[in-house]
Amino acid sequence: MPLVINSESVPLTFRSGIESRQVAVALVGQPNCGKSTIFNQVIGYRSETANFPGSTVDVSRGQVRQNGSALELIDVPGIYSLTTSNPAEAAAKRLLLTAKVDLVINVLDSSLLSRGLELTLELMELGIPMLVCLNMMDDAERKGIAISAEKLSERLGLPVVKTVASRGLGIRELFAKVKVQCTQPAPAPPPWSRDVEKAIHGVESTLTLHERNATLPGRFIASKLLESDADLAALASAQARTAAAEARRELEFGRGRNAEAIIMGERHDGAMRIFEEVAVVGRPSSDVRLIIDDLLTHPLWGYIFLGALFLGFFWIVFGTGALLERSLQPLFAGASARISSWLGLGTLKEVLLRSVWDGVAGGATIVLPYLVPFLFGLAFLEDLGYLPRVAYLMDGLLHRIGLHGTSVLPVLLGYGCSVPACMATRILPSKRDRFIASVLATLVPCSARSNVIVALVAFYLGPAWALGIFAFNALVVILSGWILTRVWPEVSPGMVLEVPRYQLPRPMAMTRKVWFRLREFVVLSWPLLIAGSVVLALAEHWHLDRAINLAFSPLTRSLGLPLAVGTTLVFGLLRKEMSMIMLVQALGTTNISQVMSAGQIVTFTIFVMFYVPCIATIAALVKEIGRKMTAFVIGYSLLVATTLGVATRFMFAILANK
Amino acid sequence: MGAKASVTAVRKLPPITHLDRAPRRKWLEVIEVPQGRGASRSLAHLGVVVSERLRVRAVAPWGGPILVDVGGTTVAIGRCLASRIKVRLVRRDRAGDETCRS
C-alpha cells in the first residue's frame, strides 16, 4: 500500500534520477530563521517576510539559473519537527515526504543553534541530500556565540555555510555547493540511547518489504510510529502498528514518560551535545533591545506604549494622506473639468474619457495617499518584531472572551489585508480557533476599509470621529469573538508563542514588501477601479443605474442613505476602497459633505466596514474554512453591517432631534 | 531536636512551584511539563523540556501569558498552561546560564 499523506500519494520508491528533470531545492528550517529572506535574495521578492514565527504559511516556488542549469527553489513554511500540529507545518511535511525534493537546504538561526539542530537531526533521518546554512551569524556573534562551521560540518557529515541573509552575505557560497551536494545522500544521524535504538530496530524489522524499500527510510518510519505520528500510523501495516504499540509500552514503562517525549528528548540531548562540541558561548555584547523589551512588555508601560503607538500610527497615516489628498485633488479635478469643457458636457466621448480620468484620479488622490504610509507603517511593525508583543499584551484581555493567544496574530494581520490574515490562521492547531480567527480577521478593517474610514470620516468629520470608529470596530470584534466562542465552546491548548528579538527594519526590505503588497492594487485593483468608473458613468449616462439603485433601495432606505449609494456597494464587493471612490462618482462630487450629512457618512462607513468581505477574501475563506463556513461569514457580516448601520442611522436621528 | 533538624533540612530544599507563581528573574529548572500531546509538543519545540532552565521575564496582567527566557529565546506561555508546568528554583546558576545559552 503506498503511503498517502493528506491525500497526496507518496510513491514508495526511491527518488527518480535528478538528470531527468529540474533540480528541486527546498529551504527548510524552524520558523523565523530567515528561509524566506534567502528565497527573496535569490528569486526576488515573492515570499512575504516578517519578524515573527509563521509569517510563511504556504509553499512558494521560484526558478533560478546557476552555472547554466536551472533549479527550482522552494520556500517551505517553518517547522519545529516533522510531527506537525497545524496546517502550515503539514504543508511543509507533505512536501518533504512526497519525495519531490532533491536537496534540502536546512536553514538555522545561528543564535538558536542547539534548538535548530534538533530539526537538523530529524531531517537527516529522511536521507535526502542536505546542506546546512548557518544564518543570522551576526545575531549569534552579538549573543557571544562563536560557532566553528568546520567542526559542525565534520560532526554532521554535511557541508555548512555561514550566512547573513538580510545583508546577502554568504548566499553565493551557499548556492555554489548546491549542484555537488544534491548527489550526496545525507548520512545517518548519530545513534540514540540503547533502549530507544532497540525499540526502533524492533519496529523497523516488522515493516514489510514494500515499506522498507520506500522513499522514506525504514528507520524514519519506525521512529515516527513510535512517536504516534498520525499520518504515518494511518498508513503503516497493522503488523507495524502493533509492533510500534508494543515497543512504545515497553519504552514508556522503562522511562516513565510518553514515547514522543522520550524521542524528542533524545533529539534535544543529541543537539545539545553537538552544540557544546562546536560552539563556545562567551559574554554577549550589551543589548539595548532587552531593556526596550522590558519596557514594551511592562504591565503598565507596555499598554501605554501600545496605545500611543496606535494613535501615532493613525496620525501619521492620516496626516500624510490628508496632506497629499488636499494637494493632489485640485490638480486632478482641474484636469477633469478641462476634459468636460473640451469634449462637451454630457456627450458619450466626454462621459467615457472623464470616467477613465476619474478612475485614475480616485486611485491617485484617495487610495494611494493613505495606503502607502499605512503599508510602510505595517511593514515597519512586522519587521521590527512588535506584533508578537501585541499578541502577548492582548492575550489576557482576549482570553476573557474565550479567544486564545496565538489567534491574535492573524486578527492583527487583518489590519493589513484580510487575505493573508485568513491564510495566517493556518498557524493555529485547532479547527475551531482557525474558523473564529478567520471570522474576526474579516471584521477587522483592512487597509482598504481603513482607507474609507480615514479618507471619508477623518477627512470630512475629523480624526476623532475616525478613531471612534476604529474603537467601535474593536468592540464589535471582541463581542463577535465572545458570541462565537460561546456558540462553539472548546478547550483551547492555550498560548505558546515564540517572541522574536527586535530587528531594525531595513528600508530596502520594507520598500520591497510595500511594493509587493501595493502591486496588487496597482496591477489589479486600479484597472478594475477605472473599469468600474467607466461602467458606472455609462450606466448613469444611459440611466441604467436606476435599476441597480432601485434593487438596493430597501437597504439604502433602511440605512437612510441616498439611493445613488446602491451601485457603490456592488463595487465594494470587488475591492472595499471602490465603494468610497464610486461614491464620489455616484454622487457626482468630490465634496461628499455637501450631499451627505454626518450621520449618513458614519452610517455608510460602518456598513462598508462590516458588510460582506471582498471577492479575494471570500476565495481565501473558501480555501481555508470551506464553503459552508464562508457562507456563514458572509451572512454574519451582512447581519452585523445592516444591524449596526440601521442603529447608527437612528442614533444620529435621535441626537439631531434633541 | 532531631525533628527540628529535619524540618530545617526540608526548608532548605529548593522550593517547587508552578511556573505561573514563580518569582521573576530567578533561574528555574523545569521538573514537570503537562503530559497532553499538543501542549507538551509545543513546549518541547521551543525548548521547554524537563531539566531545562528558564527565567520568568514578565507576567501580563488580567491573567495574560508569562514571558520566559529559555534556550536563548523568549517564549510567551498562556497562564493556564504555565500553571501546569512545575519548576524548581535553582540556587546556583549553571555555567553559561548567566550569559545565554543557545
Worksheet item: Long-range amide H contacts for B:Lys26: which residues qualify at under 5 Å (H placed 1.01 Å from N, peptide plane, sequence gap of 5 or more or a different chain)?
Response: B:Val56
Worksheet entry | At R0 = 25 Å, FRET efficiency that the Cβ-Cβ distance of A:Val622 and A:Leu479 yields, to 0.05 | 0.45
Discussion item. If the reach is capped at under 16 angstrom between alpha carbons, list the lysines near A:Lys177, excluding any in the same chain fewer than eight residues apart.
Written reply: A:Lys162
Worksheet item: Counting other Cβ atoms within 10 Å, which GluC sites (Glu not before Pro) in region A:473-551 have at most 10 and lie in a DSSP loop?
Response: none
Worksheet item: How much net charge surrounds A:Leu371 when only other residues with a Cβ under 11 Å from its Cβ are counted (Lys, Arg +1; Asp, Glu -1)?
Response: -1
Fill in: ³J(HN,Hα), Karplus 6.51/-1.76/1.60, whole Hz, each residue of region A:564-573, x for Gly, Pro
4, 5, x, 5, 5, 5, 5, 5, x, 5
Discussion item. Using the basic label-point model (7 angstrom from Cα toward the beta carbon), what is the A:Trp315 to B:Arg21 distance in nanometres?
Written reply: 4.5
Worksheet item: Given C-alpha coordinates of region A:29-152, what is the ratio Rg to Rh with the Kirkwood estimate of Rh?
Response: 0.95
Worksheet item: Can you work out the FRET efficiency for the pair A:Gln63 and A:Ala308, with r the C-beta to C-beta distance and R0 = 35 Å, to the nearest 0.05?
Response: 0.15
Discussion item. How would B:Thr17, A:Thr605, A:Thr648, A:Thr442 line up from fewest to most surrounding beta-carbon atoms within 10 angstrom?
Written reply: B:Thr17, A:Thr648, A:Thr605, A:Thr442
Fill in: Relative contact order (%) - chain A, alpha-carbon pairs under 8 angstrom, separation at least six
12
Worksheet item: When only Cα pairs under 8 Å and 6 or more residues apart are kept, what is the percent relative contact order across region B:14-89?
Response: 45
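Mind checking the full-extension length gain between A:Asn591 and A:Val356? Use 0.36 nm per residue of separation minus the Cα-Cα distance, one decimal, nm.
82.7 nm
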Item to complete: Give the calculated FRET efficiency between B:Glu32 and A:Ala647 to the nearest 0.05, with a Förster radius of 56 Å applied to their Cβ-Cβ distance.
Response: 0.60
Discussion item. Give me the extension gain from A:Lys198 to A:Val180: residue separation times 0.36 nm, minus the current Cα-Cα distance, reported in nm with one decimal.
Written reply: 3.0 nm
Practice prompt. Quantify how strongly other chains surround peptide B:46-53 by giving the mean number of their Cβ atoms within 10 Å of each of its Cβ atoms.
Written response: 4
Worksheet item: Taking all pairs of different Cα atoms in region A:424-559, averaging 1/r and flipping that mean, what Kirkwood radius in angstroms comes out?
Response: 19.5
Worksheet entry | Relative contact order %, region A:301-657, counting alpha carbon pairs below 8 Å whose residues are six or more apart | 19
Worksheet entry | Neighbour net charge for A:Leu296 - beta-carbon separation under 13 angstrom, K R +1, D E -1 | +2
Response to the item:
Shielding of B:74-87 by other chains, given as the mean Cβ count within 10 Å, works out to 5
Item to complete: Return A:Cys422, A:Cys33 ranked ascending by Cβ neighbour count within 10 Å, so the fewest neighbours appear first.
Response: A:Cys33, A:Cys422
Item to complete: Work out how much length A:His541 to A:Leu323 would gain on full extension: take 0.36 nm times their residue separation and subtract the Cα-Cα distance, in nm to one decimal.
Response: 75.2 nm
Worksheet item: Under 19 Å from a point 7 Å along the Cα-to-Cβ line of A:Glu520: which residues of region A:352-369 have their amide N that close?
Response: A:363-364, A:367-369
Worksheet entry | Nearby lysines by direct alpha-carbon distance to A:Lys513 (threshold 21 angstrom, same-chain neighbours under 8 apart not counted) | A:Lys35
Item to complete: Using only atoms on other chains, find how many Cβ atoms lie within 10 Å of each Cβ of peptide A:296-306 and report the average.
Response: 2
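Calculate how many DSSP beta bridges within the protein assembly as shown are antiparallel, expressed in % of all such bridges and rounded to the nearest 5. Mind dumping the intermediate values first?
Working: 38 of 58 bridges.
Expressed as a percentage, antiparallel bridges in the protein assembly as shown total about 65.
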Worksheet item: Which far-off residues, 5 or more places away or on another chain, put their amide H under 5 Å from the one on A:Ala24, with H placed in the peptide plane?
Response: A:Glu72, A:Asp102, A:Leu103
Worksheet item: Name the residues of region A:533-560 whose amide N is less than 14 Å from a point 7 angstrom out from the Cα of A:Leu348 along the C-beta direction?
Response: A:538-539, A:541-543
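Since every read-out is calculated from the coordinates, none of them should be taken as a lab result. Keep in mind the model is a prediction, meaning the values are calculated, not measured. We place every Cβ from the backbone using ideal geometry, glycine too, and count neighbours over all the protein chains shown.
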